[in-house]
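Some notes on the structure that comes next.
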Amino acid sequence: DPTPNACNLCHLDKTLDWSARQLTEWYNTPKVQLTDDEQNVAASLLWLLKGDAAQRAIAAWHMGWEPAQAASGTQWQAPFLGQMLIDPYSVVRSIAHSALIRLPDFADFEFDYIESIENRTAARQRAIDRWSNRPPPLPETKSRTQLLLNEDNSLRSDEIQRLLKQRDDSPIVIAE
C-alpha cells in the first residue's frame with residue numbers, strides 16, 4: 001500500500017484516486033495506476049484497516065487531528081478507530097483511543113490499551129454501538145461507499161472484514 005500522503009492525511013474521507021485527479025488537474029502530474037480499492041475506498045481507511053502498524057498509527061492519529069476533522073468531518077471515524085482498539089500493536093491501540101476521544105460524543109470513552117483481549121474486544125463493540133446509536137446522520141455530501149457505509153449509514157462489515165484480512169501484521173521497528 002502507498003505511503004500516507006499529505007493530501008489524504010487531511011482529507012481523510014477521500015480516495016487516492018481523488019488525490020491523483022487533483023494533482024493531475026492542478027500540476028499536470030501523470031496519471032497513476034490504482035487498484036480498485038485505491039479508487040473506491042478512502043485512503044485513510046485502507047491504511048487503517050490493511051496497512052502495516054506504522055500506517056495504522058499515522059491514519060489513526062490524523063483522525064483525531066483538528067485540521068483533518070475540519071476537512072473530513074467527525075461523524076464517520078468512530079467505528080474504525082474502535083476497530084483499532086484490538087490492534088496487535090499497543091501503540092496503535094493507544095493512538096486510536098486518543099483520536100477516538102477527540103470525536104463528538106466520545107470524550108468520556110474509557111479504554112486501557114494494555115487490558116486483556118476480552119476487555120479490548122468489549123471496548124471495540126462499545127465504540128461501534130455508541131457510533132451506531134449516534135443522533136446526527138452523516139452529511140449527504142459524503143460518499144458512503146468510500147467510507148465503507150451502506151445507504152442507511154450502517155457499516156459495510158463484509159468490506160471491512162475483507163480489508164482486515166489483508167492487514168500487514170509484519171513486525172516493524174520505527175526509528176526515532
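The values are calculated or read from the model by the stated rules, or taken from the named source; none is laboratory data. Since this is a predicted model, take the numbers as computed values, not measurements. Cβ sites come from the backbone with ideal geometry, for glycine too, and all protein chains shown count toward neighbours. The area values use the complete protein model at the heavy-atom level, side chains included, leaving out ligands, DNA and RNA. Shrake-Rupley method; radii C 1.70, N 1.55, O 1.52, S 1.80 Å.
Some notes on this structure:
- Whole-number accessible area per residue in Å² for the chain, which is evaluated in the context of all protein chains at 1.4 Å: 53 Å²
- Note on segment 25-176: with neighbouring protein chains present and a 1.4 Å probe, carbon and sulfur make up 50 percent of its accessible heavy-atom surface.
- Each of 116, 94, 127 was scored by the projection of its Cα onto the charge dipole of segment 89-176, and the greatest displacement toward the positive side belongs to 127; charges sit on the C-beta of Lys, Arg, Asp and Glu.
- Given charges at beta-carbon only (K, R positive; D, E negative), |dipole| of the chain in Debye: 140 debye
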